């Protein structure tokens, strides 16, 4: 069984997803949509803050091009709609795709606000089709290792973990307009907020420090998450220089070992233990996007709802980010607003 996909939005992330689909024998790229005519045929230019992604070439000669993504959604041959549009457009296009009976992959963040994200969740959970947010770090080699190591207690209890993600702000007015992008705290830092959620569940509170200097929203944030045990912190920022090398790393301190992941140091993961040389952990160098998309395609083919990451998870990540933003502005510890599902978990 092959899955026929249509991609709405052919910027950096849409092109990155396109390259992943093109590598899969169980996927047919049926249609693409973009306002830019050149991008609809695989041309045009896209810029990334991660070297080597989204810059490849895919033959789109047999793919139907659409200017309007809503027209693509109505294409009867498209089964999976991959939405890679600016964040404020996500609710409208997810809603249209679900109502048209399509499966959905939607880029992060799920929505500009938690309230909008909750509306998407309610609609999707009542639909027979499958929908998943593109929270790629849950699939990223080195990060999946951390999740497994924490869950299995391989090196004893985790005592503390710090995440750091700093990158050049992407070109284009959408990113510098905080009303659209949400600033770095929502567009970039949400990855680490989601991974904290993935590791430890909903934090009881957050204490955040930061400032705005590019978008009008928070563009540099440092947060401490109260996760009932370990010391958990994360830093995220946009910088002005296009030449800035993307920083993605974590340091995790366990009872019996310390692990350091650094994408900039040739994508290395080292484990430090007393009396031993640092031990490199062999990593699959395939980007998390491939594993993420492969997981959803398998779910579609097997008719099972995604569990590794859900739309509810993505909505909760936005909810935590909103608490972080409030904390930066208030100078106080703030508490994520709990949904009914969250309160049942307590």
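Can you name the residue in the stretch 141-173 that is in contact with a strand residue (DSSP E or B) (Cβ under 9 Å, 6 or more places away or on another chain) and part of a loop (DSSP other than H, G, I, E, B) and, of all such residues, is modelled with the lowest pLDDT?
Selected residue: 170.
From the set of residues in the stretch 307-338 that are over 27 Å from residue 131 (Cα atoms) and in contact with a strand residue (DSSP E or B) (Cβ under 7 Å, 6 or more places away or on another chain), which is surrounded by the fewest Cβ atoms within 10 Å (Cβ to Cβ)?
Out of the qualifying residues, it is 335.
Residues that are in a strand (DSSP E or B), touching a strand residue (DSSP E or B) at 6+ places or on another chain (Cβ under 8 Å) and either loosely packed, with under 13 Cβ neighbours inside 10 Å or modelled with pLDDT of 95 or more (or both): does the stretch 298-306 have at least one?
No, the stretch 298-306 contains no residue that is in a strand (DSSP E or B), touching a strand residue (DSSP E or B) at 6+ places or on another chain (Cβ under 8 Å) and either loosely packed, with under 13 Cβ neighbours inside 10 Å or modelled with pLDDT of 95 or more (or both).
Only strands (runs of 3 or more DSSP E) wholly contained in the stretch 175-290 count here; list those with 2 or more residues that are surrounded by fewer than 17 Cβ atoms within 10 Å (Cβ to Cβ) and touching a residue at least 60 places away in the same chain (Cβ under 8 Å). So that I can check it myself, show each step before the final result.
Working: elements: 205-211, 220-226, 231-239, 247-254, 258-262, 268-272.
Those strands (runs of 3 or more DSSP E) span 205-211, 247-254.
Within the stretch 7-16, track down each residue that is at pLDDT 95 or above and either in the same structural domain as residue 245 (by TED's automatic domain parsing) or over 19 Å from residue 71 (Cβ atoms) (or both). Write out each step before concluding.
Let us first name the residues in the stretch 7-16 that are at pLDDT 95 or above, namely 7-10, 13-16.
Correct list: 13, 15, 16.
Taking the conditions exactly as written (crowded, with 22+ Cβ neighbours inside 10 Å and either touching a residue at least 12 places away in the same chain (Cβ under 8 Å) or more than 18 Å from the chain's Cα centre (by Cα) (or both)), does residue 166 satisfy them or not?
When the stated conditions are applied, residue 166 does not pass them.
The values are calculated or read from the model by the stated rules, or taken from the named source; none is laboratory data. Bear in mind the structure is a predicted one, so any value in this text is a computation, not a measurement. Counting neighbours? That spans all protein chains shown, and the Cβs are built from the backbone with ideal geometry, glycine included.
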